[in-house]
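Trainee: There's a structure below that I have some questions on.
Values in this text are rule-based calculations from the coordinates and carry no lab data. Because the structure is a prediction, the values reported are computed rather than measured. Cβ atoms come from the backbone with ideal geometry, glycine included; neighbour counts cover every protein chain shown.
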Amino acid sequence: MSGEPQDDCLFCKIVEGHVPATIVRETETTLAFRDINPQAPTHILVIPKAHHVDAATLAAEAPQLAADVLRETQAVADEEKLESYRVVFNTGSGAGQTVWHAHAHVLGGRGLHWPPG
Ligand code: 5GP
Ligand code: ZN
């Protein structure tokens, strides 16, 4: 069921402490940790602790939690002293989503081109 921990979900395992991660921030409802394969000097993932498959599902099922995630992207950027940064929610395999637990990528620390690839 959406919102419940999923046995086969990598990010649920990180939330539960069963898979290690470099955690940079934690709130009651969210977790922020460094991406294992960084695409910029700062590359941090912000996730809801509860399992929702993607950002749109999260926004529809738990809008307050979606707001918590967005607020945390700003907190992460502040902590990393990023003046400019990009928040990305890859949604669907065609857009590069590989982990089916909603997550915001916070990218910064270098120039970011537009449009993205
Ligand atoms: P997506 O491709 O779904 O938008 O993003 C998933 C992200 O999770 C990727 O950027 C990938 O590098 C990251 N990732 C995959 N496995 C792990 C892991 O075990 N630990 C951490 N910290 N990040 C991971
Ligand atoms: Zn999950």
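Trainee: Can you confirm whether R110 is over 17 Å from H52 (Cβ atoms) and either among the aromatic types (F, W, Y) or in contact with a strand residue (DSSP E or B) (Cβ under 9 Å, 6 or more places away or on another chain) (or both)? Spell out the reasoning first.
Mentor: On the way: over 17 Å from H52 (Cβ atoms): yes; either among the aromatic types (F, W, Y) or in contact with a strand residue (DSSP E or B) (Cβ under 9 Å, 6 or more places away or on another chain) (or both): yes.
Yes; evaluated as a whole, the condition is true for this residue.
Trainee: Would you confirm, using the coordinates I've provided, whether H113 is near ligand 1 (Cβ under 9 Å from one of its atoms) and either under 13 Å from the mean Cα position of the chain (by Cα) or farther than 16 Å from E4 by Cα (or both)? Walk me through how you get there before you give the answer.
Mentor: On the way: near ligand 1 (Cβ under 9 Å from one of its atoms): no; either under 13 Å from the mean Cα position of the chain (by Cα) or farther than 16 Å from E4 by Cα (or both): yes.
Against the criterion (near ligand 1 (Cβ under 9 Å from one of its atoms) and either under 13 Å from the mean Cα position of the chain (by Cα) or farther than 16 Å from E4 by Cα (or both)), H113 does not qualify.
Trainee: Just give me the residues in the range 18-28 being in contact with a strand residue (DSSP E or B) (Cβ under 6 Å, 6 or more places away or on another chain) and either near ligand 2 (Cβ under 10 Å from one of its atoms) or in contact (Cβ under 8 Å) with a residue 24 or more places away in the chain (or both), in sequence order. Explain how you work it out, then say what you get.
Mentor: Quick first cut of the range 18-28, residues in contact with a strand residue (DSSP E or B) (Cβ under 6 Å, 6 or more places away or on another chain) only: 21-25.
V24, R25 - these are the residues of the range 18-28 that are in contact with a strand residue (DSSP E or B) (Cβ under 6 Å, 6 or more places away or on another chain) and either near ligand 2 (Cβ under 10 Å from one of its atoms) or in contact (Cβ under 8 Å) with a residue 24 or more places away in the chain (or both).
Trainee: With the condition kept exactly as written, say whether any residue in the range 42-49 is of a type in the set (S, T, Y) and in a strand (DSSP E or B).
Mentor: Yes: the range 42-49 contains one or more residues that are of a type in the set (S, T, Y) and in a strand (DSSP E or B).
Trainee: Could you grab me the full set of residues in the range 57-66 that are within 26 Å of G117 (Cα to Cα) and out of contact with any helix residue (DSSP H, G or I) (no Cβ under 9 Å at 6 or more places or on another chain)?
Mentor: In the first step, residues of the range 57-66 are kept if they are within 26 Å of G117 (Cα to Cα); the result is 57-59, 66.
Matches in the range 57-66: T57 only.
Here's the yes/no breakdown for (1) free of Cβ contacts under 8 Å to residues at least 24 places away in the same chain; (2) under 20 Å from G117 (Cβ atoms); (3) away from ligand 1 (no atom under 12 Å from the Cβ):
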| residue | (1), (2), (3) |
| --- | --- |
| E16 | yes, no, yes |
| N37 | yes, yes, no |
| K49 | no, no, yes |
| D68 | no, no, yes |
| A75 | no, no, yes |
| E80 | no, no, yes |
| F89 | no, yes, no |
| G94 | yes, yes, no |
| H105 | no, yes, no |
